[in-house]
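What follows is a single structure, written as structure tokens, with notes after it.
The values are calculated or read from the model by the stated rules, or taken from the named source; none is laboratory data. All values reported here derive from a predicted model rather than from experimental measurement. Here the Cβ positions follow ideal geometry from the backbone for every residue, glycine too, while neighbour counts run over all protein chains shown. Surface areas here come from the heavy atoms of the whole protein model, side chains and all, with no ligands, DNA or RNA. Shrake-Rupley method; radii C 1.70, N 1.55, O 1.52, S 1.80 Å.
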Amino acid sequence: AAFSQSKSEKEITESLRNEEKIWNAGDIEGYVNLYMPDNSSKVIKQKGFITGNKNILADYKSYFTSKEKMGTLKLEADIIEKLGKNVYLVTGYFHLTYTTAKPIDGRYVSIMKKVKGKWYLYLDQSS
């Protein structure tokens, strides 16, 4: 069933495809550049949260130590909802597949903000 997407919803969907492309290329620095450039981004973790791109990058690098460990990412948004001017809630499913390990499937919730014509991750949580 097809449904009509707003211009922002289409741009956010394109941004999700770009997230996959950058992640799947093993470009962890490029992936973190998808977070807000002013270092206001937050990643919610099991214990607390991480703020700022430098800290987010360090956390990702501590876990994803190689392209192989990053796997292949597929994102499926199920909610793209406007919260305010240039601010959207995005939720969905993530799938990480590996050549030598079991796949990881889970849920994500993000708040995305549009700054200077580009969508960025402002808040992100995956489980």
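Which of the residues that make up the stretch 80-102 are modelled with pLDDT under 95 and among the β-branched types (Val, Ile, Thr)?
Thr99, Thr100
With Tyr108, Tyr88 as the choices, which residue is over 16 Å from Glu11 (Cα atoms), open to solvent by less than 40 Å² (accessible area, probe 1.4 Å) and under 16 Å from the mean Cα position of the chain (by Cα)?
Every option except Tyr108 fails the conditions.
Between a first residue in the stretch 10-33 that is open to solvent by less than 30 Å² (accessible area, probe 1.4 Å) and a second residue that is among the polar types (S, T, N, Q), which pairs have beta carbons less than 6 Å apart while being 6 or more apart in sequence or on different chains?
That search, which allows pairs on different chains as well, returns Val32/Asn53.
How many residues are at pLDDT 95 or above and open to solvent by less than 80 Å² (accessible area, probe 1.4 Å) if we restrict to the stretch 47-58?
7
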